[in-house]
Structures are given as C-alpha cells and as structure tokens.
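Here's the structure, in structure tokens; my notes come after.
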Amino acid sequence: MALGHGDGMGGSGKGRISNKTMYIALNYQEKMDRMNAEAANEIAQRLLELEGEQDRLRYYVSLLEKREMEALRLFYFEGRSWEETAKELGVVLRSVYKIKSKAIGHLADLYAYKTGLN
C-alpha cells in the first residue's frame, strides 16, 4: 500500500507533503483563523461592555457622600487594605466597615433606580 510513503507508485517522495495533506492543513488553518477572529471579536465586545460598566460604577461611586466614596475608592479602586482605608479616613476599622456597608447599599439603590427595579 502506498499511504504517504515514497514507493514510486503515486505516493509522495520522502520529505514531501501530498496535495491532499496540504489541502487539509490549509483548510484547518483557515478554520482556525476564522475561529480566532470570532473569539477576538467576542472578547473585544465583552471588554467594551465591561469598560462601560466600570465607567458607570465609577460615576455612581462619585455620587456617594464623600466618606463613602473615599472608602470604596481606597479599598476597591486603589487596592488598599481596610486597615489602611480606616487610617486614611481617620476612623476605626469598625467604622470603615459601617461606611462600606452603607455605601454599597446606596450603590445598590442607584443601580436599582437606573434599571427600574424599585
């Protein structure tokens, strides 16, 4: 049988790729390129959605009272610990947790109002 071995009977020579193999490889490459392009488009679309949501969140945080806004900004946006956030705000740790809870409640109200969940 001549299955890709160079036997002089129509098979490909040593080190050569048959036309059929080349066709399969090119077809596979085209499919992969198409799938990669689709995935990249989906990722780009989702990234735009998430950036929009992030902008919306930052806007809503800016509407909070100053201490609430600062507590969320320091912890969530700047990555500070709750201890550092409390120190920066000049309050004890227990107070910063209360400020955070109140701020998150206000954010939930803002989101509910915007989406008509009230």
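The values are calculated or read from the model by the stated rules, or taken from the named source; none is laboratory data. Just so it is clear, the structure is predicted and the values come from calculations on it, not from any experiment. Because the Cβ atoms are built from the backbone with ideal geometry, glycine has one as well, and the counts that use them run over all protein chains shown. Each accessible area value is taken on the protein alone, full model and side chains, heavy atoms only, with ligands, DNA and RNA left out. Shrake-Rupley method; radii C 1.70, N 1.55, O 1.52, S 1.80 Å.
Numbers for the structure displayed
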{"read-out": "Those residues of the range 28-78 which are in contact with a His (Cβ under 9 Å, 6 or more places away or on another chain) and either in a helix (DSSP H, G or I) or not charged (D, E, K, R) (or both), in sequence order", "value": "60, 63, 64, 68"}
{"read-out": "Options 89, 93; residue that is open to solvent by 50 Å² or more (accessible area, probe 1.4 Å) and aliphatic (A, V, I, L, M)", "value": "93"}
{"read-out": "Every pair of residues 6+ apart whose Cβ atoms lie under 7 Å, when the first sits in the range 86-108 and is within 15 Å of residue 73 (Cα to Cα) and in contact (Cβ under 8 Å) with a residue 24 or more places away in the chain while the second is open to solvent by 40 Å² or more (accessible area, probe 1.4 Å) and in a helix (DSSP H, G or I)", "value": "96/89; 99/67"}
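Conditions tested, residue by residue: (1) within 17 Å of the chain's Cα centre (by Cα); (2) surrounded by 11 or more Cβ atoms within 10 Å (Cβ to Cβ).
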| residue | (1), (2) |
| --- | --- |
| 52 | yes, no |
| 61 | no, yes |
| 69 | no, yes |
| 76 | yes, yes |
| 81 | no, yes |
| 84 | no, yes |
